1. Consider A:ILE57 carefully, then state whether it is more than 25 Å from A:ALA210 (Cα to Cα) and modelled with pLDDT of 90 or more.
2. Out of (1) open to solvent by less than 40 Å² (accessible area, probe 1.4 Å); (2) closer than 30 Å to B:THR96 by Cβ; (3) polar (S, T, N, Q), the odd one out for A:GLN47 is which?
3. What tally of residues in the stretch B:111-138 results from selecting those that are among the aliphatic types (A, V, I, L, M) and either in contact with a Pro (Cβ under 7 Å, 6 or more places away or on another chain) or modelled with pLDDT of 95 or more (or both)?
4. Checking B:LEU97 against (1) modelled with pLDDT under 90; (2) open to solvent by 70 Å² or more (accessible area, probe 1.4 Å): exactly one of these is not met. Which one?
5. Any idea which of (1) surrounded by 17 or more Cβ atoms within 10 Å (Cβ to Cβ); (2) over 24 Å from B:VAL70 (Cα atoms); (3) free of Cβ contacts under 8 Å to residues at least 40 places away in the same chain; (4) not polar (S, T, N, Q) is the one B:LEU133 doesn't satisfy?
6. If I filter the stretch A:238-288 down to residues being open to solvent by 40 Å² or more (accessible area, probe 1.4 Å) and at the interface with chain B (Cβ under 7 Å from one of its Cβ atoms), which single residue comes out as nearest to B:LEU19 (Cα to Cα)?
7. For residues that are in a helix (DSSP H, G or I) and more than 10 Å from every other protein chain (Cβ to nearest Cβ), scanning just the stretch B:112-129, find the one that is least open to solvent (accessible area, probe 1.4 Å).
8. Just name the residue that is nearest to A:LEU43 (Cα to Cα) out of those in the stretch B:77-101 that are among the hydroxyl-bearing types (Ser, Thr, Tyr) and more than 7 Å from chain A (Cβ to nearest Cβ).
Amino acid sequence: MSREFLAYLAILFGLGAIGAPIALAMFVAAAAYLAISGRDLGLAAEQIIQGLFNSFIILAVPLFIFAANLMNAGTISDRLMNFCVAIVGRYRGGLAYVNIVTSLIFSGMSGSAIADAAGVGKITTEMMIKDGRYGRGFSAALTAATAVIGPIIPPSIPMVMYALVSDASIGYLFLGGIGPGLLITLVLSVYTFVLARTQLFPVEPPVALAELPRVVFEAFPALLMPVVLLAGIYGGAVTPTEAAAIAAAYALVLATLFYRALSRRSLYAVFSESARSSAAIGLVIGGALIMNYIVASEKIPSLFAGFFAAAEFSPIGFLLAVNVLVLFLGCFLDASTIILVIVPIFVPTCKALGIDLVHFGVVIVVNAMIGLVTPPYGMLLFVIDKTTGITVAETTRAILPFVIILVLALLAMTLFPDIVLWTPRQFGYRG
Amino acid sequence: MRHAGAWLLARADNVAVILFVAMFVSFLLQVFTRYILQDPYGWTTEASLIAWLWIVFWGSGFLLTNRDHVRFDMLYAWVRPGSRRVFALISVVATTLAFATSLPASIDFVSFMRVERSGTLSIRLDYVFSVYLVFAIAIIARYAVYAIRIVRGASPETVFDDAGGADPPR
């Protein structure tokens with residue numbers, strides 16, 4: 001490791017630690033690196049501009065952000081939840097199942113855990129805590145845990161980012177998320193089932209049979225979206241980026257023409273909000289592209305690969321070690337920072353150890369998503385605090401069982417790659 | 001002054017929305033021409049990528065406050081207000097200096113790109129990439145102002161919340 005690279009790391013982590021925006025800290029550190037090593041300072045600009053301009057796949061990120069914002073603003077989320085109440089609300093602990101099932105369906109149309117928690121998650125949480133039916137901490141913790149499913153079942157913004165830095169196939173990554181997503185849904189449901197019996201969760205009055213057709217009819221166009229999306233991608237008809245555009249267009253048609261739920265003013269707000277979020281994420285991606293350039297020119301990945309090979313790490317040992325590291329970092333860092341900044345360093349080692357890059361990618365994305373619910377820095381806890389008023393402290397007290405469950409599911413998919421790779425193989429993946 | 005700031009911010013927001021709509025619509029055109037008409041336009045992909053590049057730099061330069069960025073603020077929130085001022089000052093000064101010192105080289109890179117044109121629309125790339133310079137200059141100006149205000153005694157919280165006036169219409 002060169003002197004200038006050590007300076008780069010010190011500045012990046014130093015500025016990051018004292019609260020500077022990560023994207024800007026990456027730029028400052030890169031400028032210092034280029035200056036010390038006597039290279040052209042314009043290289044930072046060149047890397048970030050060319051990187052953002054030349055990657056077609058990146059466009060999926062703003063389009064999925066836009067689609068999710070539209071679904072939340074255009075009452076699509078509400079209709080979805082009414083449908084789930086009618087279907088699973090009648091069982092003991094019904095609203096808790098509603099929380100899980102709505103997230104599962106929503107995850108098939110949105111690629112972001114934050115959008116899930118802020119949209120359907122907010123509505124289900126509010127229903128759960130109304131009249132003190134469920135504990136506030138439990139409701140918020142369940143919402144956070146189910147929101148994790150959002151970017152694991154395709155589509156998925158973090159998987160697009162991983163594909164960007166690892167060159168793994170985005171289509172197969174998406175497919176690889178299906179098994180783990182269903183696994184997490186299952187374990188959360190089993191946990192809820194046990195709690196519902198032991199803690200006597202409330203039962204909701206069943207939705208009358210006569211009401212059912214109306215509820216289904218109202219939700220049907222929304223329910224069609226995951227079907228259209230997944231069929232489009234896996235039928236091989238459209239690329240994931242195109243699917244993102246189709247999802248956004250479909251959500252736009254539903255919200256404005258079909259449900260008539262969006263005024264011109266709120267549509268403008270959706271565009272404006274989407275542009276801001278896209279700019280913030282885009283700048284972090286840009287910063288990560290400069291970093292990848294520097295890390296590659298310092299030959300850091302092969303240094304790492306050499307180290308792990310010399311230490312005779314088995315593939316499983318390596319996967320477990322990386323998982324522990326990412327879980328730890330997830331308590332303090334944002335998921336996009338982990339995927340864009342930390343993960344690329346390990347990708348060459350995976351190749352050297354013969355670890356499948358789709359398996360690795362899905363496991364890491366699941367892991368980074370668990371990082372969104374782990375205190376003290378868990379983005380989902382902050383979002384739930386902001387949207388429902390349940391404080392981070394309240395949620396933190398109830399989150400531990402969920403974190404344990406999620407980590408066990410993560411361990412299962414780490415040790416048994418088939419959980420991830422079975423679905424892609426059905427579609428011709430050789431790995 | 002404040003009024004003018006809010007007005008400018010609202011216009012910057014308009015531009016970002018127009019760019020976003022442009023990106024979305026040209027991408028949809030691409031899907032439409034490819035799957036429905038079976039005769040894809042070549043320029044649509046490039047148009048969406050240009051719009052995307054502009055959204056990122058325009059939005060980051062003018063719309064995102066320090067708070068909107070992805071940040072790790074645990075340590076920052078934990079320390080006493082006096083240390084927060086020091087932290088904030090270090091990060092805004094470092095940001096200003098880094099962007100300012102690399103600006104000439106960045107200008108060189110962008111203007112050098114005048115020799116190239118984009119693949120299908122054939123727009124000179126120095127025009128396409130110029131938004132980066134707009135972004136860099138906006139960051140230098142804004143973070144220099146942040147630094148001056150913090151030195152003069154304003155609290156970092158009020159300084160960072162300020163995107164040049166008031167919140168844009170939401």
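1. no
2. All conditions pass for A:GLN47, except number (1).
3. Residues in the stretch B:111-138 being among the aliphatic types (A, V, I, L, M) and either in contact with a Pro (Cβ under 7 Å, 6 or more places away or on another chain) or modelled with pLDDT of 95 or more (or both): 6 in total.
4. All conditions are met except number (1).
5. (2) is the only condition that B:LEU133 fails.
6. The qualifying residue nearest to B:LEU19 (Cα to Cα) is A:TYR268.
7. The residue in question is B:ASP126.
8. B:THR96
The values are calculated or read from the model by the stated rules, or taken from the named source; none is laboratory data. As the structure is a computational prediction, the values presented were derived from the model and not from experiment. A quick note on method: Cβ atoms are made from the backbone with ideal geometry, for glycine too, and the neighbour counts reach across all protein chains shown. To get the accessible areas, we keep the full protein, side chains included, count just its heavy atoms, and leave off ligands, DNA and RNA. Shrake-Rupley method; radii C 1.70, N 1.55, O 1.52, S 1.80 Å.
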